[in-house]
Amino acid sequence: MNLFRKIFSSSSNEQKKAPKKEAENKYLPKKELPADELFTINFNKNGGKFLYSESFEEAHEFLREIIKENNWNDKTALILNPKLKKQFSSFDWQTTKILKQGHFLFTTCEYLIASDGSLLISSNQIAEKKLKELPKDFIVFASTSQIVQTIGQGLHGIKAKNKKSIPSNITTIKHFKSDEDDNFMSYGSSAKNLYLLLLEDL
């Protein structure tokens, strides 16, 4: 995806080339943005911070930078997902499954929702913990293939991947600012300082 390499570049040059066409087409429906671009825009609006990596090694390096930037080198990472812990088993840090011992949460997510820039998670990531019980600081490891347009598509994807046993505790995280509005899937949650490590896998 070249999008994440030039996400902040402007498309104004194309607009300048065809002002007449814009006037002629002003009554036509607006072209919808691709899901990946829409997610990036909405995620940033929500106050989230993401780092795009082209390789797993680069994701490791960004993780080190996040920890260094926040002075978390001597802090313990709360990791409730055993598969994620195994993926980063070579990483030099202290980890725990005990909620009270974790300074920040390192987790995955189910899907990245383009329509509102939120992250869809479930008991696969946070067990049966409520968002307000978890640390304020989150680092989420996800891939570009997890981006979907709507929450409905994300829920359908969860159901399709877990036919034998659908995970519980499904909710969204989109509160990266204290003034965000609640929705029915994030009721009672609190704002999170969230970093997204986004790995290119398409």
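The values are calculated or read from the model by the stated rules, or taken from the named source; none is laboratory data. Fair warning: this is a prediction, and the values are worked out from it, not measured in the lab. For neighbour counting, all protein chains shown are included, and Cβ atoms are generated from backbone atoms with ideal geometry for every residue, glycine included.
A Cβ distance below 8 Å, combined with a sequence gap of six or more or placement on separate chains, defines the contacts here; from segment 147-165, residues that are touching a residue at least 12 places away in the same chain (Cβ under 8 Å) and more than 17 Å from Phe39 (Cβ to Cβ) reach residues that are surrounded by 18 or more Cβ atoms within 10 Å (Cβ to Cβ) and of a type in the set (Gly, Ala, Ser) in the pairs Ile158/Ser122.
Let me spell it out: the conditions are (1) of a type outside the set (A, V, I, L, M); (2) touching a strand residue (DSSP E or B) at 6+ places or on another chain (Cβ under 7 Å); (3) at pLDDT 80 or above; (4) within 14 Å of Leu198 (Cβ to Cβ), and Phe4 meets all of them except one. Which number is the exception? Answer for Phe4: the failing condition is (3).
Taken over segment 99-142, the residue count meeting the criterion of being more than 23 Å from Asn70 (Cβ to Cβ) and not aromatic (Phe, Trp, Tyr) is 12.
Scanning segment 107-136 for residues that are closer than 23 Å to Ser53 by Cβ and under 13 Å from the mean Cα position of the chain (by Cα) yields a count of 14.
Is there a residue being more than 25 Å from Phe106 (Cα to Cα) and at pLDDT below 50 anywhere in segment 24-33? The answer is no; no qualifying residue exists.
Are any residues in segment 89-106 surrounded by 18 or more Cβ atoms within 10 Å (Cβ to Cβ) and of a type in the set (A, V, I, L, M, F, W, C), and if so, which ones? Within segment 89-106, Phe104, Leu105, Phe106 qualify.
Quickly run through segment 69-78 and pick out the residues that are surrounded by fewer than 18 Cβ atoms within 10 Å (Cβ to Cβ) and either within 18 Å of the chain's Cα centre (by Cα) or assigned to a helix (DSSP H, G or I) (or both). Scanning segment 69-78 gives a single hit, Glu69.
Of all the listed residues (Ile126, Ile170), the sole one being of a type outside the set (D, E, K, R) and free of Cβ contacts under 8 Å to residues at least 60 places away in the same chain is Ile126. If I filter segment 10-17 for residues that are charged (D, E, K, R) and either at pLDDT 85 or above or part of a loop (DSSP other than H, G, I, E, B) (or both), do I get at least one hit? Checked segment 10-17: no residue is charged (D, E, K, R) and either at pLDDT 85 or above or part of a loop (DSSP other than H, G, I, E, B) (or both).
One residue stands out among those in segment 107-149 that are under 17 Å from Pro167 (Cα atoms) and small (Gly, Ala, Ser): the one that is surrounded by the most Cβ atoms within 10 Å (Cβ to Cβ), which is Ser122. Considering only segment 51-68, I want to know if a residue exists there that is small (Gly, Ala, Ser), closer than 27 Å to Thr150 by Cα and surrounded by 15 or more Cβ atoms within 10 Å (Cβ to Cβ). Yes.
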